[in-house]
Structure formats: C-alpha cells, structure tokens
Amino acid sequence: MTNRSSASAVDRVVSALKTDLMAKGGSKISTMRNYQFAIAVYPPDREFEMRRKLQQMQDELQAAGWSVLSISLLQLFIDRLKSKSPQVLERLIAMEKRLADKTSDRGLNYLKEKLTPEVEGADGIAQDIIRKINEFMPNAIPDKKLILLSRAGGLYPFFRSSGLLRHLDGKTSNLPIVLLYPGDRQDVSSLSFMGEQTTDRDYRPRIYS
C-alpha cells in the first residue's frame, strides 16, 4: 500500500467513525443495541497520522459537548510491569536471555507465555480499563461519552484484541468504545494485528477500515 492510499484510508476511517458517533439520535457505531464496540483499522505505518486525525476528531467532539476518555493500552501494560517486584522482572529477563541464546523463538515464546495474560487475560489490562471507565463515568456528559483505546501496536506480539474485548463485554456501562487497531482487514470480520499475526476471525464489533 502506498503512503497516499494509506493516508486516504486513515481519513476514510476517521470520517466514517465521526459521522456515526455524531449521528442524529445517538451513536451508531454498532448495529447491536447492547454491544457498543467498534474497531478502527489502519495501516501500522500510519500510526502518527492516525493519532493526529483522532486528536482532531476528539477536539471536535469535545467542542460539541462530548466527554472523551482516551486510554493507552501500552501505558496500562507498562504500569503493570512496574507494579511487579524487581526480582520478578529480573528473573523474567534472565530466563528470556537464556532461552534466546538457544533460539530466538524460544525466548519470544517464553515472554508470550508469561506476559500475554497481562494483556488478554480476564485479570489483565481489561480490569484496568474497566476501573478507568468507572472513574470516568460520574463526571461524563450523559449520552455524549466515548472511550478510545489506543497504542495497541506497542503490545505486539502479545496482543489479540478479540480476547481483550470479550473481557470488557458487559462491564463498560454500554458506552461506545473504539479500539484503534494497527493491522490489516482480511475480509468482513477477519483482522491481522500489525499485518503480521495470523488472522483472527473472532470479531463481533463493527469494523471501520
């Protein structure tokens, strides 16, 4: 994909998302009344372009009276690592190095085994997102609230968004939640994270691409 077509894809995604969020009668990002999740797919090499466009959209929404909460998935993950004792992290790093000295795949697979639950597990960053949403709710403007989940690319290769969204389902007060997804759309409901992971077909949310 050329830079020009990638940039056009970012514009298209953000424009369609903004239109549906601000639709007459309320948000239209989902066709399911009690499932207000959407995924905004964009080329990984247009990360900074996507951030700029989303900031513009966020500014427009806030000017129109919306309350917008942007949550960095990468920062939640970093905070979880920081909460662990230095001894735990040292053991993790040491074991990864020993295994990587044998083959790089063994080191990476060890990290995936240990860290993926922090990202995708029921007690992982999904709980941190739910806590932030609960803190956000009391001061948010009724019927004009939006949650943006960003910086997912920083979690590669430990992340499959379908696992995270399953743990959020039913626990977010039915607020509209948009996951910003660097990757490729393979067909109607199939996505490849960062264009590198095998296709994940377990998607219920509306996909903007």
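If each DSSP helix of 4+ residues adds -39,500 (n - 2.57) and the sum is divided by the residues in the chain, what number results at 222 nm, nearest 500 deg cm²/dmol? Walk me through the numbers before you get to the answer.
Working: 7 runs with 101 residues, N = 209.
One gets -15500 deg cm²/dmol as the mean residue ellipticity at 222 nm.
Tally Lys/Arg at +1 and Asp/Glu at -1 over every other residue whose Cβ is under 14 Å from the Cβ of Leu89; what's the total?
Values: positive: Arg80, Lys82, Lys84, Arg91, Lys97, Lys114; negative: Asp79, Glu90, Glu96, Glu118.
Value of the local net charge: +2.
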Mind checking the per residue accessible area of the stretch 72-209 for me, 1.4 Å probe, whole number of Å²? 52
Could you name the lysines whose alpha carbon sits less than 25 Å from that of Lys132, not counting residues in the same chain fewer than 8 places away? Lys18, Lys28, Lys53, Lys82, Lys84, Lys114, Lys144, Lys145, Lys171
Spin-label point model (7 Å from Cα, Cβ direction): what's the Leu108 to Gln127 distance in nm? 2.9
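For the stretch 61-158, with all protein chains present and a 1.4 Å probe, just round the carbon and sulfur fraction of the accessible area to a whole percent.
Values: 2780 of 5390 Å².
Exposed carbon and sulfur together represent 52 percent of the surface.
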Stretchable slack from Glu60 to Ser162, in nm (0.36 nm times residue separation minus alpha-carbon distance): 33.8 nm
Please work out how much accessible surface Lys144 shows to a 1.4 Å probe, ignoring ligands, DNA and RNA, in Å² rounded to 10. 80
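Multiply the residue separation of Arg98 and Met137 by 0.36 nm, subtract the distance between their alpha-carbon atoms, and state the gained length in nm to one decimal. Intermediate results must be reported in sequence, preceding the final value.
Working: separation 39, 0.36 × 39 = 14.04 nm, distance 4.59 nm.
Contour length minus Cα-Cα distance gives 9.5 nm.
Counting only protein chains, not ligands or nucleic acids, how are Lys82, Lys145, Lys171 ordered by accessible area (probe 1.4 Å), most first?
On the way: Lys82 150, Lys145 30, Lys171 105 Å².
Result, largest first: Lys82, Lys171, Lys145.
The values are calculated or read from the model by the stated rules, or taken from the named source; none is laboratory data. Just so it is clear, the model here is predicted, and its values are computed rather than measured. Because the Cβ atoms are built from the backbone with ideal geometry, glycine has one as well, and the counts that use them run over all protein chains shown. The area values use the complete protein model at the heavy-atom level, side chains included, leaving out ligands, DNA and RNA. Shrake-Rupley method; radii C 1.70, N 1.55, O 1.52, S 1.80 Å.
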